[in-house]
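Before any comments, here is the structure.
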Amino acid sequence: MRRFLFALFGVVIGILPLTCVNDARADGLDFDTSDPLFMLAQGDLLSETTLTYWDNILRAGETFSYGINSRLTIALNFNYQQDFNGPNDGFSAVDLGGVYRVSTASGNNANIISDVLFGLKFGGSSHVRTPDFADSTYYAGYRFGRQWAGVTLAATIKSSWIFDDSIGMAYIDFMPEAYFRIASDWRLGANFMLRKATESWFNQEWVGGKILRQYGRTQYIGHLDYEFESDELQVGLDVNILF
């Protein structure tokens, strides 16, 4: 099953861009907030609401992002987890972070977009022992990719360091993504995440897919994700609103 999903992911990424090599500045790209390389314009505010369910656990989250200028975005994120079969309830750490655009696409000889990611998390719940809920976490990363009218390919490398006494560790995430604009208001996405941690119990391998419908500046996203190490399947619904 794992080999099949990896192979399918690779084929989709490899083949579909060949049919989508037009200029990326197509109508609607500026409002496509689920695009992996999306960047807010100056003064724009983005609300991202998430709802995810797996193994009798429900997690709701909210992210507010604000465009300082065309190269710098700052964001605030927090989550709440409800465990229907146990005591693992509580709020996540508050994630205060940012994205700085190092290079932009400008012409046929400069099509690679790259971003630097940075941030910190503080004030997590001691009842939930996962990195998202740890009290003191610092992270930095690098994201790069390319946009066409019909597809975006991107990859992110992100390193996190946790200084919470209950979960002291570090981990590195590698996250490639493929995102397809199949119609004027329909999108498909595929993603993979490989996590290597200093504590082997938190090594993870996720593969996922999503489908979304866009209405003006609002997107409704359904997604399905599977984790190989724990044999865990989760489903979710997200809503993005751009102001």
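The values are calculated or read from the model by the stated rules, or taken from the named source; none is laboratory data. A quick note: this is a predicted structure, and the numbers were derived from the prediction, not measured. Neighbour counts are summed over all protein chains in view; Cβ atoms, including those assigned to glycine, are modelled from backbone coordinates with ideal geometry. Please note that ligands, DNA and RNA were not included when accessible areas were found on the heavy atoms of the full protein model with its side chains. Shrake-Rupley method; radii C 1.70, N 1.55, O 1.52, S 1.80 Å.
All of (1) in a loop (DSSP other than H, G, I, E, B); (2) at pLDDT below 85; (3) surrounded by 13 or more Cβ atoms within 10 Å (Cβ to Cβ) hold for Pro17 with one exception: (1).
Pairs linking a residue in region 37-57 that is over 23 Å from Thr73 (Cβ atoms) and in contact (Cβ under 8 Å) with a residue 24 or more places away in the chain to a residue that is among the aromatic types (Phe, Trp, Tyr) and surrounded by fewer than 18 Cβ atoms within 10 Å (Cβ to Cβ), with Cβ atoms under 9 Å and 6 or more positions apart or on different chains, are Asn56/Phe84; Ile57/Phe84.
Scanning region 167-184 for any residue that is open to solvent by less than 50 Å² (accessible area, probe 1.4 Å) and polar (S, T, N, Q) turns up nothing.
Every listed requirement among (1) modelled with pLDDT of 95 or more; (2) surrounded by 15 or more Cβ atoms within 10 Å (Cβ to Cβ) is met by Thr137 save one, (1). Can you find, within region 166-180, the residue that is modelled with the lowest pLDDT among those that are under 25 Å from Asp115 (Cα atoms) and of a type in the set (Ser, Thr, Tyr)? Looking at residues that are under 25 Å from Asp115 (Cα atoms) and of a type in the set (Ser, Thr, Tyr), I get Tyr171. Here Arg25 fits the description: basic (Lys, Arg), at pLDDT below 60 and either assigned to a helix (DSSP H, G or I) or open to solvent by 30 Å² or more (accessible area, probe 1.4 Å) (or both). For region 181-212, the set of residues classified as at pLDDT below 90, part of a loop (DSSP other than H, G, I, E, B) and hydroxyl-bearing (Ser, Thr, Tyr) consists of Ser184 only.
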